[in-house]
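The values are calculated or read from the model by the stated rules, or taken from the named source; none is laboratory data. Fair warning: this is a prediction, and the values are worked out from it, not measured in the lab. So basically every Cβ, Gly included, is an ideal-geometry build from the backbone, and we count neighbours across all protein chains shown. Heads up: the accessible areas ignore ligands, DNA and RNA and are worked out on the full protein's heavy atoms, side chains in. Shrake-Rupley method; radii C 1.70, N 1.55, O 1.52, S 1.80 Å.
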Amino acid sequence: MPSQTQYAVIGLGRFGSSVAKQLMKHGYQVLGIDESEEIVDDLSEALTHTVAADATDEDVLRALGIRNFDVVVVAIGSDIQASILIAILCKDLGVKKVVAKAVTELHGRVLEKVGVDRIIYPERDMGIRVANQLATPNLLDYIELSDKYTIAELSVPSKLDGVTLKDLDPRARYGCSIVAINKTDGVIIAPTAADTLQERDVMVVIGTNEQIERFEHAVED
Ligand code: ATP
């Protein structure tokens, strides 16, 4: 259980509380901080520790020993000033990894300037993901490895039912590779030419965005 990493989440609105609860599910210790007593009371059972306090107060962050946390998530959106102040304080107090939510590009740019290590744009990014999934019906999920490369999970269309990887030959035809096939009875990692696709399988494909798009459109029903 990876319980040694200590997380603090500042701002327990919809985004912050969801991050905090999910980290708890992964077995981590999570301190949740929110200025609202009511929100803190609601989450006191769900998180390891909860504190009702204004996190823009440097003394509060010092007293909580914020510098001892491995990762601090600043999850405040509507009060941009508070979000930036808290991010600066966390970095100044020596937190190694500060992750902050941004509501606009400008907010994100300021967070970047003050040294925030990772900036998340939940609404923008979820909008992009939903649009990509709607535009590519077989796309179940994807990870962008860089601007150019993606790993995509694609459901196998009926057209490919019973087709071997040798017949499909995605590497030669489209430039992308199938690195795993998720079948109902288990996952085949690094499948060989003799492995066969079935309609309910999920194939994990790696390649450039263009290669994956070309492959997806060529095989879709
Ligand atoms: P959501 O994640 O729900 O979309 P949001 O982006 O609208 O949230 P806010 O509602 O502004 O963000 O803030 C999230 C939480 O942060 C709220 O519960 C609020 O009480 C808390 N918060 C705001 N300012 C501070 C502060 N200075 N110190 C501690 N908590 C704060």
Checklist entry - If we scan the stretch 174-184, do we find a residue that is of a type outside the set (Asp, Glu) and farther than 23 Å from Asn132 by Cβ? => result yes
Next on the checklist: Among the residues in the stretch 91-104, are any in contact with a Gly (Cβ under 7 Å, 6 or more places away or on another chain) and in contact (Cβ under 8 Å) with a residue 40 or more places away in the chain?
Outcome noted: yes
Checklist entry - Does Leu145 count as out of contact with any strand residue (DSSP E or B) (no Cβ under 6 Å at 6 or more places or on another chain) and surrounded by fewer than 17 Cβ atoms within 10 Å (Cβ to Cβ)? => result yes
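Thr56: hydroxyl-bearing (Ser, Thr, Tyr), on the phi < 0 side of the Ramachandran plot and within 11 Å of the ligand (Cβ to nearest atom), yes or no? Let's see the steps before the verdict.
Details: hydroxyl-bearing (Ser, Thr, Tyr): yes; on the phi < 0 side of the Ramachandran plot: yes; within 11 Å of the ligand (Cβ to nearest atom): yes.
So Thr56 fits the description; yes.
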Checklist entry - Here are some conditions: (1) away from the ligand (no atom under 11 Å from the Cβ); (2) under 18 Å from Val9 (Cα atoms). Lys113 meets all but one. Which one does it not meet? => result (2)
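Got a sec? Which helices (runs of 4 or more DSSP H) wholly within the stretch 41-120 have at least 2 residues that are within 21 Å of Thr5 (Cα to Cα) and open to solvent by 30 Å² or more (accessible area, probe 1.4 Å)?
Values: elements: 58-63, 80-92, 105-113.
In the stretch 41-120, the matching helices (runs of 4 or more DSSP H) lie at 58-63, 80-92.
Mind checking which residues of the stretch 1-36 are more than 10 Å from the ligand (Cβ to nearest atom), open to solvent by 70 Å² or more (accessible area, probe 1.4 Å) and in a helix (DSSP H, G or I)? Outline the logic, then answer.
At the first step, the residues of the stretch 1-36 found to be more than 10 Å from the ligand (Cβ to nearest atom) are 1-8, 20-31.
From what is left, the residues that are open to solvent by 70 Å² or more (accessible area, probe 1.4 Å) are 1, 4, 21-22, 25-26, 29.
Lys21, Gln22, Lys25, listed by residue number.
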Item to check | Enumeration of residues in the stretch 121-136 that are more than 16 Å from the ligand (Cβ to nearest atom) and either surrounded by 13 or more Cβ atoms within 10 Å (Cβ to Cβ) or within 30 Å of Ser78 (Cβ to Cβ) (or both) | outcome: Ile128, Arg129, Val130, Ala131, Asn132, Gln133, Leu134, Thr136
